[in-house]
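Asks: Shown below is the structure under consideration.
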Amino acid sequence: MPDWVALYYDEPLELVSGKGSRVTDASGRSYLDFFGGILTNMLGYDVAEVREALERQLGSGVLHTSTMYLIRNQVGLAEKIARLSGIEDAKVFFTSSGTEANETALLLATAARRSNQVLALRNSYHGRSFGAVAVTGNGAWKSSQLSPFAVHYLHGTDRQLPGLADLPDADYISACVADLEHVLATATAGDVACLITEPVQGVGGFAMPPDGLFAAYKEVLDSRGILLISDEVQTGWGRTGDHFWGMSAHGVVPDMMTFAKGLGNGLAIGGVVGRRDLIDGPVGNGISTFGGNPLATAAASATLDYVLDHDLQANAATLGGLIIGGLRDVVGPLAVVGEVRGRGLMIAVDLIDPGSGEPCPALAAQMLEATRERGLLIGKGGLYGHALRIAPPLNVSQAEAREGLAILIDALRAVDAQAS
Ligand SMILES: Cc1ncc(COP(=O)(O)O)c(C=O)c1O
């Protein structure tokens, strides 16, 4: 295994079984799971409807056919996603991961625009392949500076920077738009292909720009024919509570959206949904051997139906609000907490050094241990690895949300007492 695939925790944790929002490790200890394999077990574990869909497909004996043959599950799922996308006359292409989804969207956008110039956001993460790393704006995850694109980075979540700090939202948006126009005028040749962006930055520590930034960016992009790709790999399917897609918080319908992670509730599936002319654009043939395979699309279709039938977007809004509010109520006296932020069931807590106020990854690592000891799994992220990432399954119950919140508060108080 490569050195660059890192494990959480001082002692590695092996999860051997799961049910609902709970998992059990190899020693028999059970945990409430508020990270879900990085927002991927969107409905938690062993949901009957998803299991039955998988068993039906397994029972048929056909796990793979290739896209050379009609896969009914795939067509049905594509139709659902196209309808939900809000993109007029949309088409869908399935992949096996978020990285491949972004590769596809970038390929389509650069081909359509006959340009390799791409805009991306600082503090972004879009995957681990050559092209996806090239548009990633986080040094810690940039394993190569070599690039198929000419990439220019925009502001989005840089409110900590001198000159941008403490600006009211409207002024911050104006400053970002002025910067976009300046980048286009100074650093590009005028025929930029696209902007690719996460509406809420996942690896970036659930950092988000003020609502309206992407609408303001889109006005400039539209005036020059530049396409907008929304990377919804973490933000899709109602997780942000108020909206089904993260980008909708900005009142914007992008030209393409990419998705993966939660859709298959653990089965490997990703894809791009976008304008018909863009998806149909390439002149050459294309195939993804495993993308949209019968098993993954069976799981994804059942997962998506479950999300819609149980209105889990509303659950994300209600219980996300409960956890965010509960944290905000108590963190005031805690010197180790910089900020609590969130949107639906994407919740972050920044850990800072109580003396300097600087981001403190060591305290975030301590919080991971402290929550593990208390029976709760969470994640971390952020530019400096200092942000706790809390992302319960979309079907988390109110009792579980309260239980997790109590553990978080207890662990924060313990880490704060130790640090002070
Ligand atoms: C926003 C975003 N885009 C793309 C990816 C890449 O997805 P995958 O790991 O499935 O290739 C990730 C993974 O964390 C992500 O968070």
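Laboratory data are not the source of any read-out in this text; all were calculated from the coordinates shown. Since the model is a prediction, treat every value here as computed from it, not as a measurement. With ideal geometry, Cβ positions are generated from the backbone for all residues, glycine too; neighbour counts draw on all protein chains shown.
Asks: For region 1-138, what class follows from the C-alpha gyration tensor (a ≥ b ≥ c being the square roots of its eigenvalues): rounded when a/c is under 1.5, otherwise prolate if a/b is larger than b/c, else oblate?
Replies: Numbers: a/c = 2.18, a/b = 1.22, b/c = 1.79.
In terms of gyration-tensor shape, oblate.
Asks: Separate question: What order do you get for 224-236, 87-99 when each peptide is scored by the mean count of other beta carbon atoms within 10 Å, highest first?
Replies: 224-236, 87-99
Asks: Further question: Tell me, what does the Kirkwood hydrodynamic radius of region 233-351 come to in angstroms if you use every pair of distinct C-alpha atoms? Intermediate values should be presented prior to the final figure.
Replies: On the way: mean 1/r = 0.0606 Å⁻¹.
Computed over Cα pairs of region 233-351, the Kirkwood hydrodynamic radius comes out at 16.5 Å.
Asks: If you average the alpha carbon positions of region 279-330 and of region 23-65, how far apart do those two centres end up, in angstrom?
Replies: Value for the Cα centre distance between the two parts: 14 Å.
Asks: While we're on this one: Out of Leu334, Leu161, Leu221, any idea which swings most in a Gaussian network model of the chain, alpha carbons joined below 10 Å?
Replies: Checking each option, the largest mean-square fluctuation is seen for Leu161.
Asks: Kirkwood Rh, region 363-420, all Cα pairs: how many Å?
Replies: Values: mean 1/r = 0.0843 Å⁻¹.
Result for region 363-420 stands at 11.9 Å.
Asks: For Val330 and Ala165, what is the calculated FRET efficiency with R₀ set at 30 Å and r taken between the beta-carbons, to the nearest 0.05? Spell out each step's value before the answer.
Replies: Numbers: r = 26 Å, r/R0 = 0.85.
With a Förster radius of 30 Å, E is 0.70.
Asks: Separate question: Calculate the FRET efficiency for Ser17 and Leu146 from the Cβ-Cβ distance with a Förster distance of 45 Å, rounded to the nearest 0.05. List each step's numbers first, then the result.
Replies: Values: r = 42 Å, r/R0 = 0.94.
E between Ser17 and Leu146, to the nearest 0.05, is 0.60.
Asks: Here is a follow-up. For region 221-263, just say rounded, prolate or oblate: build the C-alpha gyration tensor, square-root its eigenvalues into a ≥ b ≥ c, call rounded for a/c under 1.5, and beyond that prolate if a/b exceeds b/c, oblate if not. Kindly include the intermediate steps, with their values, before the conclusion.
Replies: Values: a/c = 4.13, a/b = 1.72, b/c = 2.40.
It is oblate, given that a/c is not under 1.5 and a/b is not larger than b/c.
Asks: Which residue fluctuates the most in the chain, going by a Gaussian network model with Cα springs under 10 Å, if the choices are Gly332, Gly266, Gly375?
Replies: Sorting by GNM fluctuation, first place goes to Gly332.
Asks: How many angstrom separate the Cα center of region 198-268 from the Cα center of region 339-366?
Replies: About 23 Å separates the Cα centre of region 198-268 from the one of region 339-366.
Asks: Moving on to the next point. Give me the net charge for the shell around Leu322: Cβ to Cβ below 13 angstrom, other residues only, Lys and Arg +1, Asp and Glu -1. Walk me through the numbers before you get to the answer.
Replies: Working: positive: Arg328, Arg402; negative: Asp329, Glu400, Glu403.
Overall, the nearby charge balance is -1.
Asks: Just add up the charged neighbours of Leu278: K/R +1, D/E -1, any other residue whose Cβ is under 9 Å from the Cβ of Leu278. Write out the running numbers ahead of the final one.
Replies: Numbers: positive: Lys91, Arg275, Arg276; negative: Asp255, Asp277, Asp280.
Around Leu278, the charge tally is 0.
Asks: Show me the helices of the chain, taken as full DSSP H stretches, that run 27 Å or more along their long axis by Cα and average 1.0 or above in Kyte-Doolittle hydropathy. Spell out each step's value before the answer.
Replies: Working: long enough: 312-331 (28 Å, 1.03); 398-419 (31 Å, 0.31).
Span-like helices, by this rule, are 312-331.
Asks: Given the Cα atoms of region 49-111, and with Rh set as the inverse mean 1/r over their pairs in the Kirkwood sense, what is Rg to Rh to two decimals?
Replies: On the way: Rg = 14.2 Å, Rh = 13.9 Å.
When Rh is taken as the Kirkwood radius, the ratio is 1.03.
Asks: With charges only on Cβ, +1 for K and R and -1 for D and E, what is the dipole size of the chain about its Cα centre, in debye, rounded to 20?
Replies: Numbers: 30 positive and 46 negative charges, 134 e Å.
Dipole about the Cα centre, nearest 20: 640 debye.
Asks: Let me ask something else about it. Which order do Cys176, Cys194 fall in if you start with the one that has the fewest other Cβ atoms within 10 Å?
Replies: Values: Cys176 25, Cys194 28.
Listed from fewest to most nearby Cβ atoms, that is Cys176, Cys194.
Asks: For Cys194, which sequence-distant residues (separation of 5 or more, or a different chain) have an amide H within less than 5 Å of its own amide H, given hydrogens modelled in the peptide plane?
Replies: Leu119, Leu227
Asks: So, one more: How big is the charge dipole of region 249-380 about its Cα centre, in debye rounded to the nearest 20, if each Lys and Arg gets +1 on its Cβ and each Asp and Glu gets -1 on its Cβ?
Replies: Details: 9 positive and 13 negative charges, 20 e Å.
In debye, rounded to 20, region 249-380 gives about 100.
Asks: What Rg and what Dmax come out for region 315-420 when only alpha-carbon atoms are used, in angstroms?
Replies: Both quantities, over Cα of region 315-420: 12.7, 39 Å.
Asks: Relative contact order of the chain: what whole-number percent is it, with Cα pairs under 8 angstrom and at least 6 residues apart?
Replies: Working: 874 pairs, mean separation 90.6, N = 420.
After rounding, I find 22 percent.
Asks: May I pose another question? By how many nm would the segment from Ser30 to Val62 grow when fully extended, if each residue of separation counts as 0.36 nm and the alpha-carbon distance is taken off?
Replies: 8.1 nm
Asks: For a Förster distance of 30 Å, can you work out the FRET efficiency between the beta-carbons of Arg83 and Arg128, rounded to the nearest 0.05?
Replies: The pair Arg83/Arg128 has a calculated efficiency of 0.45.
Asks: Per residue of the chain, what 222 nm ellipticity follows from adding -39500 (n - 2.57) for every DSSP H run with n ≥ 4, rounded to the nearest 500?
Replies: Values: 12 runs with 157 residues, N = 420.
After summing the helix terms and dividing by the residues of the chain, the value is -12000 deg cm²/dmol.
Asks: Let me ask you something else. Among rounded, prolate and oblate, which fits the chain when a ≥ b ≥ c are the square roots of the eigenvalues of its C-alpha gyration tensor, a/c under 1.5 means rounded, and a/b larger than b/c means prolate? Spell out each step's value before the answer.
Replies: Working: a/c = 1.75, a/b = 1.10, b/c = 1.59.
Oblate is the answer for the chain, as a/c is 1.5 or above yet b/c matches or exceeds a/b.
Asks: Strictly greater than 20 Å: what percent of every Cα pair in region 180-261 meets that? Show your work: numbers first, answer last.
Replies: Numbers: 1067 of 3321 pairs.
Every Cα pair in region 180-261 considered, those over 20 Å come to 32 percent.
Asks: Moving on to the next point. For region 15-65, what is the largest minus smallest coordinate of the Cα atoms on each principal axis, given in angstrom and ordered from greatest to least?
Replies: Taking max minus min along each principal axis of the Cα atoms, region 15-65 gives 37, 22, 19 Å.
Asks: Arranged from highest to lowest average of other beta-carbon atoms within 10 Å per residue, in what order do the peptides 114-122, 152-160 appear?
Replies: Working: 114-122: 21.2, 152-160: 19.7.
Highest to lowest by the protection proxy: 114-122, 152-160.
Asks: Measure of size requested: the Rg and Dmax of region 123-213, with Cα atoms as the atom set and Å as the unit; please supply both.
Replies: Every Cα atom of region 123-213 included, Rg and Dmax give 13.6, 37 Å.
Asks: Need the list of lysines near Lys142 for cross-linking: C-alpha distance under 24 angstrom, and skip anything on the same chain fewer than eight residues off.
Replies: Filter leaves Lys261, Lys380.
Asks: What does the charge count around Asp10 come to, taking other residues whose C-beta lies under 13 Å from its C-beta (Lys +1, Arg +1, Asp -1, Glu -1)? The partial results should precede the final answer.
Replies: On the way: positive: Arg372; negative: Glu11, Glu369, Glu373.
Neighbour charge sum, excluding Asp10 itself: -2.
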